[in-house]
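Report on one structure; see the data block that follows.
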């Protein structure tokens with residue numbers, strides 16, 4: 001194990017020199033309760049990240065960090081926009097995998113009598129699982145518009161409200177997207193998948209606010225959470241095969257061109273290119289297309305959710321109060337400005353399994369929330385539900401405006417599957433009032449709550465660190481899994 | 001001859017394959033069979049309904065393996081084809097390494113083929129192809 005020094009409450013650091021080639025320290029944000037459980041693979045991976053050229057201040061791990069490939073999941077690294085690199089491995093194959101939270105005016109009492117038909121309708125109208133296609137039919141030209149415009153395309157096509165757009169990171173359109181940087185293969189994989197959930201840990205969940213889980217009533221009210229028992233809908237998915245293919249395409253290019261760029265990597269999955277090189281610029285343009293595609297995907301799913309609620313409740317969605325609280329990416333690279341060494345610098349912040357956490361006053365926070373801070377949505381396991389936080393100035397000042405994204409796995413899929421069968425888990429959860437619809441019972445077993453860190457521990461850690469403020473914790477009622 | 005084992009040696013959220021084979025060709029075929037075993041569990045034995053020609057070229061064997069598996073994923077995602085038969089050979093070409101031949105596929109039937117996982121992509125993480133006296137070996141991690 002590499003030397004890891006506790007430098008303040010909740011903060012540990014692996015110093016430069018612990019591994020040959022480290023340009024900055026690796027900083028692990030955690031808690032006394034969680035730090036002992038951190039995987040050695042995470043430390044190996046984050047210290048590899050610390051070796052990448054142009055990295056600023058430190059390579060960061062969030063409290064939900066677990067071993068990934070290349071970067072750890074829960075990893076954050078900021079690179080100088082002039083002299084740094086861009087790395088597909090620092091974003092992940094599922095570009096702009098992210099979370100959306102939708103509020104409703106409904107309560108548990110309103111929904112329980114209609115829960116079963118609602119789940120069936122959602123399961124039918126939001127395709128999930130392997131090999132599914134969405135209801136949006138696009139030709140290549142229209143798909144090019146979608147990947148360039150993201151959520152704005154959805155508004156033009158009546159899949160989004162103005163509030164949906166305002167309450168999405170960067171309005172659901174990442175600047176710099178250029179469809180010419182996207183391969184035909186990526187287009188072929190993505191063109192039929194708009195409006196699909198996918199598989200693995202992706203889900204659509206109906207949740208409610210239990211008594212005692214409202215931690216900041218003022219912030220909650222501003223975000224549209226007002227009542228104990230209030231129903232919300234959480235969506236977790238990304239850019240589907242489109243993003244996977246873009247990452248695959250550019251990892252190959254970056255690996256092949258590494259020598260041309262004079263770059264050597266400790267791990268081939270960390271292949272990168274200078275931000276300002278032709279390769280780097282092309283990948284950024286393609287990544288932005290995938291990010292926009294993912295925003296559009298979650299937006300089209302939101303449209304289908306509204307239709308499902310309207311059908312089951314026989315009331316227009318606006319009367320049910322179905323409003324997007326926020327939509328935020330947790331696999332992405334964004335150009336942002338931060339002060340480093342007393343100088344304001346333009347950085348390319350890579351967040352792989354980490355969420356933006358912008359505090360009060362930041363111009364990127366939607367106007368309705370600007371004085372309070374950006375909503376941060378954290379997905380728990382399917383047995384624990386989601387958590388809503390607020391971004392902080394401290395996160396911007398010290399940690400490139402970043403925080404956690406989920407509970408973080410502690411157990412491999414193979415081990416989880418050996419501990420419980422999917423059908424038993426489904427029955428156990430039903431006994432606790434959580435309905436699960438899935439295409440894969442074995443996949444369900446792998447997502448059991450015990451395979452994840454305790455979301456309360458992780459939430460407490462980030463709250464205590466001050467990198468986001470806990471607002472509310474929701475409990476699941478029904479889960480649709482791919 | 002090849003052997004594969006689904007493994008969590010290097011992963012927490014994803015899944016890997018431990019592969020060994022008598023030849024590089026069998027290592028690649030074992031990788032393909034193993035990858036679709038991750039997707040479907042035990043796959044149904046059915047004859048090929050369609051054959052496709054393959055011609056891939058890369059600068060090293062690891063890249064060729066990633067290209068090969070990625071191509072099969074692409075065909076599954078876009079044309080809903082599951083590989084079931086392989087007639088491929090691997091050789092050196094002008095300083096590169098290439099795979100050529102044909103692969104037989106059967107169509108994916110959503111009502112019959114119960115998918116357990118979606119493999120998003122093939123990663124390079126810990127991917128090194130080694131050969132000892134007798135066998136080729138490697139570990140491939142897939143993003144799920």
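The values are calculated or read from the model by the stated rules, or taken from the named source; none is laboratory data. The structure displayed is predicted, hence computed values, not measured ones. When we count neighbours, we look across all protein chains shown, and the Cβ atoms used for this are built from the backbone with ideal geometry, even at glycine.
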Next item on the list: Could you list, in sequence order, all residues of the stretch A:97-128 that are farther than 24 Å from residue A:223 by Cβ and in contact with a helix residue (DSSP H, G or I) (Cβ under 7 Å, 6 or more places away or on another chain)?
Entry: A:114, A:117, A:121, A:125
Check: Within the stretch A:31-57, how many residues are more than 11 Å from chain B (Cβ to nearest Cβ) and either part of a helix (DSSP H, G or I) or touching a helix residue (DSSP H, G or I) at 6+ places or on another chain (Cβ under 9 Å) (or both)?
Finding: 14
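Taking the condition surrounded by fewer than 24 Cβ atoms within 10 Å (Cβ to Cβ) and closer than 16 Å to residue A:82 by Cα, does residue A:318 pass? Explain how you work it out, then say what you get.
Details: surrounded by fewer than 24 Cβ atoms within 10 Å (Cβ to Cβ): yes; closer than 16 Å to residue A:82 by Cα: no.
No.
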Next item on the list: Could you give me the residue pairs with C-beta distances under 6 Å whose first residue belongs to the stretch B:1-12 and is modelled with pLDDT of 85 or more, whose second residue is surrounded by fewer than 20 Cβ atoms within 10 Å (Cβ to Cβ) and assigned to a loop (DSSP other than H, G, I, E, B) wherever it lies, and which are 6+ apart or on separate chains?
Entry: B:1/B:22
Checklist line | Evaluation of residue A:140 against (1) within 30 Å of residue A:358 (Cα to Cα); (2) surrounded by fewer than 20 Cβ atoms within 10 Å (Cβ to Cβ) (one fails), failing number | finding: (1)
Item checked: Selected residue (criterion: farthest from the other protein chains (Cβ to nearest Cβ)) from residues of the stretch A:79-96 that are under 23 Å from residue A:249 (Cα atoms) and part of a strand (DSSP E or B) -> A:79
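What residue, among those in the stretch B:55-66 that are buried (at least 18 other Cβ atoms within 10 Å of the Cβ) and in contact with a helix residue (DSSP H, G or I) (Cβ under 7 Å, 6 or more places away or on another chain), is nearest to residue B:99 (Cα to Cα)? Can you show your working first?
Looking only at the stretch B:55-66, we keep the residues that are buried (at least 18 other Cβ atoms within 10 Å of the Cβ), and these are B:56, B:58, B:61-66.
Keeping just the survivors that are in contact with a helix residue (DSSP H, G or I) (Cβ under 7 Å, 6 or more places away or on another chain) gives B:56, B:58, B:61, B:63, B:65.
Details: B:56: 5, B:58: 9, B:61: 10, B:63: 11, B:65: 9 Å.
Per the criteria, the residue is B:56.
Here is a list: A:229, A:224, A:280. Which entry is in contact (Cβ under 8 Å) with a residue 60 or more places away in the chain, within 26 Å of residue A:360 (Cβ to Cβ) and more than 14 Å from chain B (Cβ to nearest Cβ)? Lay out the reasoning, then the answer.
Values: A:229 fails: within 26 Å of residue A:360 (Cβ to Cβ); A:280 fails: within 26 Å of residue A:360 (Cβ to Cβ).
Exactly one of A:229, A:224, A:280 is in contact (Cβ under 8 Å) with a residue 60 or more places away in the chain, within 26 Å of residue A:360 (Cβ to Cβ) and more than 14 Å from chain B (Cβ to nearest Cβ), namely A:224.
Yes/no matrix, rows are residues, columns are (1) under 14 Å from the mean Cα position of the chain (by Cα); (2) within 13 Å of chain A (Cβ to nearest Cβ):
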site	(1), (2)
B:58	no, yes
B:65	yes, yes
B:75	yes, yes
B:94	no, no
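Can you confirm whether residue B:88 is under 30 Å from residue A:95 (Cβ atoms), part of a strand (DSSP E or B) and touching a residue at least 40 places away in the same chain (Cβ under 8 Å)? Talk me through it step by step, then tell me what you get.
Working: under 30 Å from residue A:95 (Cβ atoms): no; part of a strand (DSSP E or B): yes; touching a residue at least 40 places away in the same chain (Cβ under 8 Å): yes.
Judged against the criteria, residue B:88 is not a match.
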Item checked: So residue A:350, is it in contact with a helix residue (DSSP H, G or I) (Cβ under 6 Å, 6 or more places away or on another chain), buried (at least 19 other Cβ atoms within 10 Å of the Cβ) and under 24 Å from residue A:276 (Cα atoms) -> yes
Notebook entry, point to check: Listed residues A:450, A:400; which is farther than 23 Å from residue A:111 by Cβ, at pLDDT 90 or above and surrounded by 24 or more Cβ atoms within 10 Å (Cβ to Cβ)?
Noted result: A:400
Item checked: Residue tally, condition touching a strand residue (DSSP E or B) at 6+ places or on another chain (Cβ under 8 Å), in contact (Cβ under 8 Å) with a residue 24 or more places away in the chain and surrounded by 15 or more Cβ atoms within 10 Å (Cβ to Cβ), over the stretch A:415-441 -> 8
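How many residues are part of a helix (DSSP H, G or I) and either surrounded by fewer than 21 Cβ atoms within 10 Å (Cβ to Cβ) or in contact with a strand residue (DSSP E or B) (Cβ under 8 Å, 6 or more places away or on another chain) (or both) when one looks only at the stretch B:15-54?
Residues of the stretch B:15-54 part of a helix (DSSP H, G or I): B:24-40.
Filter again for either surrounded by fewer than 21 Cβ atoms within 10 Å (Cβ to Cβ) or in contact with a strand residue (DSSP E or B) (Cβ under 8 Å, 6 or more places away or on another chain) (or both), leaving B:24-38, B:40.
Residues flagged as part of a helix (DSSP H, G or I) and either surrounded by fewer than 21 Cβ atoms within 10 Å (Cβ to Cβ) or in contact with a strand residue (DSSP E or B) (Cβ under 8 Å, 6 or more places away or on another chain) (or both) within the stretch B:15-54 amount to 16.
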Margin query: Could you check the stretch A:244-274 and list, in sequence order, the residues that are part of a loop (DSSP other than H, G, I, E, B), surrounded by 24 or more Cβ atoms within 10 Å (Cβ to Cβ) and away from chain B (no Cβ under 14 Å)?
Written below: none
Check: Restricting attention to the stretch B:97-143, and to residues there that are away from chain A (no Cβ under 14 Å) and not in a strand (DSSP E or B), which single residue is surrounded by the fewest Cβ atoms within 10 Å (Cβ to Cβ)?
Finding: B:133
Note to self: Checking residue A:108 against (1) more than 27 Å from residue A:404 (Cα to Cα); (2) modelled with pLDDT under 95, only one condition comes out false. Which one?
What the structure shows: (2)
Check: Is it fair to say residue A:72 is part of a strand (DSSP E or B), in contact with a strand residue (DSSP E or B) (Cβ under 9 Å, 6 or more places away or on another chain) and either under 22 Å from residue A:280 (Cα atoms) or more than 14 Å from chain B (Cβ to nearest Cβ) (or both)?
Finding: yes
Check: Only one of B:16, B:41, B:30 is more than 13 Å from every other protein chain (Cβ to nearest Cβ) and in contact (Cβ under 8 Å) with a residue 12 or more places away in the chain; which?
Finding: B:30
